[in-house]
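Q: Below is one structure. I have some questions about it.
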Amino acid sequence: MNISTLSPAARLVADAQALVETLDAEQFAEEVKRDGVVLIDLREQAERKAHGAIPGAVHIPRGMLEFCADPALPVHADELTADRRILLYCARGSRSALAAMTLMTMGFPFVAHLAGGFPSWVQAGGAVDTSPAEAARWTTVLAREPAGKPDQRA
């Protein structure tokens with residue numbers, strides 16, 4: 001397929017994949033074992049419930065990533081610091097490629113994502129948590145934030 005025939009979303013993903021570090025499932029599994037690594041599951045809660053998750057993954061849906069990465073916001077995820085290795089995964093590898101590019105743009109230099117997403121992890125024999133807890137820390141914060149402060153809300 002010629003790059004000029006790609007849809008705009010597919011072009012964005014292709015551009016991101018060309019710029020970010022992509023790990024296969026074996027490389028990803030080795031990285032996950034290292035001390036200090038932050039593993040982020042970008043999928044929606046329904047995807048996690050239906051398919052499970054990689055044990056130890058922090059759940060930050062793709063739509064909340066930028067807000068959870070910003071230490072100035074009340075929804076900031078303490079795990080997201082620029083000095084840590086951050087590994088991202090999603091369902092197929094597209095959202096994670098875009099997310100990796102975004103985090104790099106935001107000043108996170110040690111970011112990589114899983115090629116092929118969660119299915120590639122499963123196919124490689126990676127462990128799966130079949131009852132991942134729902135991570136809703138930002139929903140609690142957003143529920144108590146006063147209306148009219150869009151710069152503080154995600």
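For every residue, the table says whether it meets (1) assigned to a loop (DSSP other than H, G, I, E, B); (2) modelled with pLDDT under 95.
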site: Ala50; (1), (2): no, yes
site: Val75; (1), (2): yes, yes
site: Ala91; (1), (2): yes, no
site: Arg95; (1), (2): no, no
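Q: Leu80 - would you say it is in contact (Cβ under 8 Å) with a residue 24 or more places away in the chain, of a type in the set (A, V, I, L, M, F, W, C) and surrounded by fewer than 22 Cβ atoms within 10 Å (Cβ to Cβ)? Spell out how you get there, then give the answer.
A: Values: in contact (Cβ under 8 Å) with a residue 24 or more places away in the chain: yes; of a type in the set (A, V, I, L, M, F, W, C): yes; surrounded by fewer than 22 Cβ atoms within 10 Å (Cβ to Cβ): yes.
It is true that Leu80 is in contact (Cβ under 8 Å) with a residue 24 or more places away in the chain, of a type in the set (A, V, I, L, M, F, W, C) and surrounded by fewer than 22 Cβ atoms within 10 Å (Cβ to Cβ).
Q: Moving on. Is segment 37-48 home to any residue that is among the acidic types (Asp, Glu) and under 13 Å from the mean Cα position of the chain (by Cα)?
A: As a first pass, look at segment 37-48 and keep what is among the acidic types (Asp, Glu): 41, 44, 47.
Subset that is under 13 Å from the mean Cα position of the chain (by Cα): 41, 44.
Yes, segment 37-48 has at least one match.
Q: Taking the options Arg34, Arg43, name whichever one is in a loop (DSSP other than H, G, I, E, B), among the basic types (Lys, Arg) and free of Cβ contacts under 8 Å to residues at least 60 places away in the same chain.
A: On the way: Arg43 fails: free of Cβ contacts under 8 Å to residues at least 60 places away in the same chain.
The conditions single out Arg34.
Q: Can you tell me which residue within segment 110-128, out of those that are β-branched (Val, Ile, Thr) and over 22 Å from Leu80 (Cα atoms), is surrounded by the fewest Cβ atoms within 10 Å (Cβ to Cβ)?
A: If we filter segment 110-128 for residues that are β-branched (Val, Ile, Thr), which is where we start, we get 111, 122, 128.
From what is left, the residues that are over 22 Å from Leu80 (Cα atoms) are 122, 128.
Numbers: Val122: 16, Val128: 14.
The selected residue is Val128.
Q: So Gly56 clears everything in (1) assigned to a helix (DSSP H, G or I); (2) loosely packed, with under 15 Cβ neighbours inside 10 Å except one condition, right? Which one?
A: With (1) assigned to a helix (DSSP H, G or I); (2) loosely packed, with under 15 Cβ neighbours inside 10 Å applied to Gly56, the lone miss is (1).
Q: Being open to solvent by less than 30 Å² (accessible area, probe 1.4 Å) and not in a loop (DSSP other than H, G, I, E, B) is the filter; apply it to segment 59-73 and report the residue that is nearest to Gly125 (Cα to Cα).
A: Residues of segment 59-73 open to solvent by less than 30 Å² (accessible area, probe 1.4 Å): 59-61, 64-65, 68-69, 73.
Those still in the list that are not in a loop (DSSP other than H, G, I, E, B) too: 59, 64-65, 68-69.
Numbers: His59: 21, Met64: 29, Leu65: 27, Cys68: 30, Ala69: 30 Å.
Among residues in segment 59-73 that are open to solvent by less than 30 Å² (accessible area, probe 1.4 Å) and not in a loop (DSSP other than H, G, I, E, B), the one nearest to Gly125 (Cα to Cα) is His59.
Q: Condition first: in contact with a strand residue (DSSP E or B) (Cβ under 8 Å, 6 or more places away or on another chain) and among the hydrophobic types (A, V, I, L, M, F, W, C). Now tell me which residues in segment 91-112 satisfy that.
A: Passing the criteria: Ala97, Ala99, Ala100, Leu103, Met104, Phe108, Phe110, Val111, Ala112.
Q: All but one of (1) surrounded by fewer than 17 Cβ atoms within 10 Å (Cβ to Cβ); (2) in contact (Cβ under 8 Å) with a residue 24 or more places away in the chain; (3) among the charged types (D, E, K, R) hold for Arg95; state the number of the condition that does not hold.
A: (1)
The values are calculated or read from the model by the stated rules, or taken from the named source; none is laboratory data. Since the structure is predicted, the reported quantities are computational estimates derived from the model, not experimental observations. Every residue, glycine as well, gets a Cβ built from its backbone with ideal geometry; the counts of neighbours run over all protein chains shown. Heavy atoms of the whole protein, side chains included, go into the accessibility calculation; ligands, DNA and RNA do not. Shrake-Rupley method; radii C 1.70, N 1.55, O 1.52, S 1.80 Å.
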